[in-house]
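The values are calculated or read from the model by the stated rules, or taken from the named source; none is laboratory data. Every value quoted in this text rests on a predicted model; they were computed, and no experiment measured them. Positions of Cβ are backbone-derived with ideal geometry, glycine not excepted, and every protein chain shown enters the neighbour counts. Protein only, heavy atoms only, side chains kept; ligands, DNA and RNA dropped before computing areas. Shrake-Rupley method; radii C 1.70, N 1.55, O 1.52, S 1.80 Å.
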Amino acid sequence: MTEHTDHDVHIIGGGLAGSEAAWQLARRGFKVRLSEMRGSGEMTPAHQTDGLAELVCSNSFRSDDSDKNAVGLLHHEMRALDSLVMSAGEKARVPAGSAMAVDRDVFSSEVQRTLEEHPNVTVVRERVDSLPASGATIVATGPLTAQSLAQSIVSATGQDRLAFFDAIAPIVHRDSIDMSKCWIQSRWNKRTEASNEDGDYINCPMTKEQYLAFHQGLMDGEKTEFREWEADTPYFDGCMPIEVMAARGVETLRYGPMKGVGLDNPYDTTEEHPQGRWPYAVVQLRQDNKLGTLWNMVGFQTKLKYGAQIELFRTIPGLENAEFARLGGLHRNTFINSPLVLDRQLRLRGGEHIRFAGQITGCEGYVESSAVGLIAGMMAASELAGRDWTPPPRTTALGSLLSHITGDAEAETFQPMNVNFGLFPPLHEVKKKQRKEAYTSRAKEDLRMWVAEAEALPAT
């Protein structure tokens, strides 16, 4: 592709994140070249049209409740920052109770019309095969990034920094785990430097009867099917669904992710084992964020449907009342290990003229992808204007999501994440039943102050 000097920022990808980033830059007076592969004779396996911001799967932006729901709070914050996705969503809205759902064709048409009519946006139908060597760039190519560009990203980041398949284990809110039935210990008491005084893992023990019932539940539980465009992507050992392992034999999990050896259950002591006996099987949870509010179920990536997951996983001792920040899944996806690859301003380490935005950064969901696009656009505008960037407070939905992606998540276990209250700085002094309202109240006030004091550039 030849060099172009008729724009301030080159955005690659015209999905939700790319469209939102383009709008945020354009409304601040910066010229944008928005490159979209669809419409150039190219198409992804999942898209049906060449419309900007096409919704490939659901037509729902999920809950619109900004007082008790984290994604609803994110809606509120994006509206406060003049989000194109949210304004187009209002015009395309269809009845969905307390959720926000849209007519997908009306929504895409409204986003495209708004951008094409803006004098600062040039939409170009072209495939971009490599990361630009210079010039302000935002890569927002989403979960189906073209292979040529993906290879260029691999070259820039390292072979092990780009994934092509989610292997998502469920994540549990720490304060919903019943620690009267579980304990913290590392196997054989081996601990990392970052361990707490007891170890790295929360251990949920199972008797033989509990394990056999759990195994049968894995076999019988209703599973989701791969989409047609995912079906030819093979499993590999690192992301094998737990039910596929279970199907290999009733003992397979006990010699894999659920092995109890080296773990002393303090609730099952005898004279022979005063420190506790090894459980027949165990489910381990590992800390998933620096705040210690989220813990993931080790080795529990699964194709079980969400309802089946909740029902089965709440039979695990200690997780009877578990609240899940994320349920398990396995999907074709393209995303970078952002905590390692990006700085706090979504810039590529070693290639700071390039930012990443949207689902490729490891956020999950339409709204989250759009939100990261919005922030990337604001960051780029601030940089172009020569102003210092002040990030949104971590107490906000935008700030907590951005912080998680750019360093607060554990890089070793990094997988795509929806916004949830487990990403927010905790409010331990507030009663549990009141925390959601307390989180959203704090966030709204902190966002209001941030917009008033630190939102870098006025709209033009």
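Excluding residues fewer than 8 places away in the same chain, name every one of the aspartates and glutamates whose C-alpha is closer than 18 Å to that of K432. List returned: D67, D175, D178, E320, E323.
Given their separation in residues at 0.36 nm each and the Cα-Cα distance between them, Q48 and M179 gain 42.3 nm when the chain is fully extended. Working from Cα pairs under 8 Å separated by at least six residues, relative contact order for the chain is 21 percent. By its C-alpha gyration tensor, with a ≥ b ≥ c as the square roots of the eigenvalues, how is region 341-460 shaped: rounded for a/c under 1.5, else prolate for a/b larger than b/c, else oblate? Note, shape of region 341-460 comes out oblate.
Applying 1/(1 + (r/R0)^6) with R0 = 35 Å to the Cβ-Cβ distance of S98 and S134 gives a FRET efficiency near 0.15.
Which net charge results for the neighbourhood of L149, defined as the other residues with beta-carbon distances under 9 angstrom from its beta-carbon, given Lys and Arg at +1 and Asp and Glu at -1? Local charge sum for L149: 0. Each Cα pair under 8 Å and six or more residues apart adds its sequence gap; the mean of these over the residue count of region 76-228 is a relative contact order of 10 percent. Close amide H contacts of L294 (hydrogens built in the peptide plane, cut-off under 5 Å, sequence separation of 5 or more or a different chain): R174, D288, N289.
Averaging Cα coordinates gives a centre for region 44-103 and one for region 383-458; these two points are 20 Å apart.
Taking a ≥ b ≥ c as the square roots of the eigenvalues of the alpha carbon gyration tensor, region 403-455 is oblate, as a/c is not under 1.5 and a/b does not beat b/c.
Region 147-189 and region 326-349 have Cα centres spaced 10 Å apart.
Cross-link partners of K305 among lysines, defined as those whose alpha carbon lies under 18 angstrom from its own and excluding same-chain residues fewer than eight positions apart: K223.
Taking the C-alpha atoms only, the angle from helix 104-117 to the longest principal axis of the chain is near 40 degrees. With the simple model of a label 7 Å out from the Cα in the direction of the Cβ, V451 to L340 spans 3.8 nm. In this structure, the amide hydrogen of E323, modeled 1.01 Å from its nitrogen in the peptide plane, lies closer than 5 angstrom to those of H173, S176, counting only residues at least 5 positions away or on a different chain.
Within the accessible surface of the chain, defined with a 1.4 Å probe on protein heavy atoms only, the carbon and sulfur portion equals 48 percent. Normalised by the number of residues in region 209-367, the mean separation of alpha-carbon contacts (under 8 Å, six or more apart) gives a relative contact order of 19 percent.
Taking every protein chain into account, the accessible area of region 89-188 amounts to 44 square angstrom per residue (probe 1.4 Å). Put simply, the amide H of A409, placed in the peptide plane, has no neighbours under 5 Å, leaving out anything fewer than 5 places away on its chain. In order along region 392-403, the Karplus-derived 3J(HN,Hα) couplings, from 6.51 cos²θ - 1.76 cosθ + 1.60 at θ = phi - 60°, round to x, x, 5, 6, 8, 5, 4, x, 5, 5, 4, 5 Hz, and Gly and Pro are given as x. Label region 63-146 by shape, choosing from rounded, prolate and oblate, from the square roots a ≥ b ≥ c of the eigenvalues of the Cα gyration tensor; if a/c is under 1.5 it is rounded, and otherwise prolate applies when a/b is larger than b/c, oblate when it is not. Prolate. Cα extents for the chain along the principal axes, largest to smallest and rounded to whole angstrom: 79, 49, 46. For region 356-396, the solvent-accessible area with a 1.4 angstrom probe is 26 square angstrom per residue.
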